[in-house]
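Chemist: Dropping the structure in here first, questions after.
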Amino acid sequence: MCDADDMPRRLGAAQLAELAAARLAALRAAGEDPHPVVNTTRKLATRFWGSAWMRHLAQCEAGGLCLAPGRTLLRHGCVLDLRICPGAISARVSAEELYEVQLSIRPFDEEQLATLRQTCTGRIDSLVSLMEGKVDAAVLQCLCDAETGLLPTPADWRMRCSCPDWCEPCPHAAAAIYAAGCLIDADPSLLFTVRCVDPAALMQAPAAVAPIADFDTAALAATFGIDFDVE
C-alpha cells in the first residue's frame, strides 16, 4: 500500500504552491486557456452531489484507496487544468513536474441503466430538484448506492498519468478525482456527463405499448385470418 503522505512531503507546501503558480502563469503566457481548480476548504464541497462525491471518496479511502496526497495537491493549487467530458476526465497537475492525467470511467450497462430509470420514473419533479438532490429518498438511495449508483467505484476507474509513480491512483490522479468533485459541486450536471447518463431520461416513463387502433388492422387480419372490431 502506498504511504498516503509520501509524495507531498517531497516538496513543502510553499514550494508546491509556488511551482503551481509559476506553471499556471507560463501556460497562460503561452496562449493556453487552462481551467485550474482550487479549493482550500476542509469539506471541499457544500452542495448535495459534490458532498456525495466527497463522502464516496472517503469511503473508498477507508477501504484502502490511497487518496490523501490528492487532497494536498488540490489545496495547494496544483490542479492547473481539468476538463470533464462524457466518460472521461483529463487534467494537468503540478508537483515535481507538470503531469498529464487521463481518467476514464466504465460506462453503465443497459441493465444498470434500466434499474436507474425504473427507480426514478415518476419520482423526480424537475431537473432542478434532481440537481439539488431534493428528490424522493428511494431515488437518492438508488442514485447514491456505493456499488450501482452514479458515483464510480474504484473498479470503474481507468487511470493513466505521465508520472513514474507506481501507485494507483497516483497522487496526481487522486488530485484530479478530488478536483472533479469540486466542479461537480458547482455544476451537478457534470456528474451525469461523466457517467454518460442523460438526467432527463431518468424522468421519462417507459414507452407505452401502442393501442391496437394504431396498428394496421387490415394487414393483421389478412395475415392471421382474424376480424378486428376496433372503434
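The values are calculated or read from the model by the stated rules, or taken from the named source; none is laboratory data. Since the structure is predicted, the reported quantities are computational estimates derived from the model, not experimental observations. No Cβ is skipped: glycine too gets one built from the backbone with ideal geometry, and neighbour counts run over all protein chains shown. Just the protein is used for accessible areas: all its heavy atoms, side chains included, with ligands, DNA and RNA removed. Shrake-Rupley method; radii C 1.70, N 1.55, O 1.52, S 1.80 Å.
Chemist: Take the stretch 73-100 and flag every residue that is in a loop (DSSP other than H, G, I, E, B) and either aliphatic (A, V, I, L, M) or in contact with a strand residue (DSSP E or B) (Cβ under 7 Å, 6 or more places away or on another chain) (or both).
Modeler: Within the stretch 73-100, Cys78, Gly87, Ala95 qualify.
Chemist: Here is a list of conditions, (1) out of contact with any Gly (no Cβ under 8 Å at 6 or more places or on another chain); (2) assigned to a loop (DSSP other than H, G, I, E, B), and Gly70 meets all of them except one; can you say which number that is?
Modeler: (2)
Chemist: Okay, next question. For residues in the stretch 46-60 being touching a residue at least 24 places away in the same chain (Cβ under 8 Å) and hydrophobic (A, V, I, L, M, F, W, C), which is most open to solvent (accessible area, probe 1.4 Å)?
Modeler: Only one residue fits best here, namely Phe48.
Chemist: Determine, yes or no, whether Ser129 is assigned to a helix (DSSP H, G or I), open to solvent by less than 60 Å² (accessible area, probe 1.4 Å) and not aliphatic (A, V, I, L, M).
Modeler: Taking the combined requirement at face value, the residue satisfies it.
Chemist: Out of Val93, Val79, report the one residue that is modelled with pLDDT of 95 or more, under 30 Å from Gln15 (Cα atoms) and in contact with a Cys (Cβ under 6 Å, 6 or more places away or on another chain).
Modeler: Of Val93, Val79, the one residue that is modelled with pLDDT of 95 or more, under 30 Å from Gln15 (Cα atoms) and in contact with a Cys (Cβ under 6 Å, 6 or more places away or on another chain) is Val93.
Chemist: Does the stretch 26-45 hold any residues that are open to solvent by 50 Å² or more (accessible area, probe 1.4 Å) and among the polar types (S, T, N, Q), and which are they?
Modeler: Thr40, Thr41 - these are the residues of the stretch 26-45 that are open to solvent by 50 Å² or more (accessible area, probe 1.4 Å) and among the polar types (S, T, N, Q).
Chemist: Could you list, in sequence order, the residues of the stretch 143-201 that are open to solvent by 30 Å² or more (accessible area, probe 1.4 Å) and under 10 Å from the mean Cα position of the chain (by Cα)?
Modeler: Leu183, Ser189, Leu190, Thr193, Cys196
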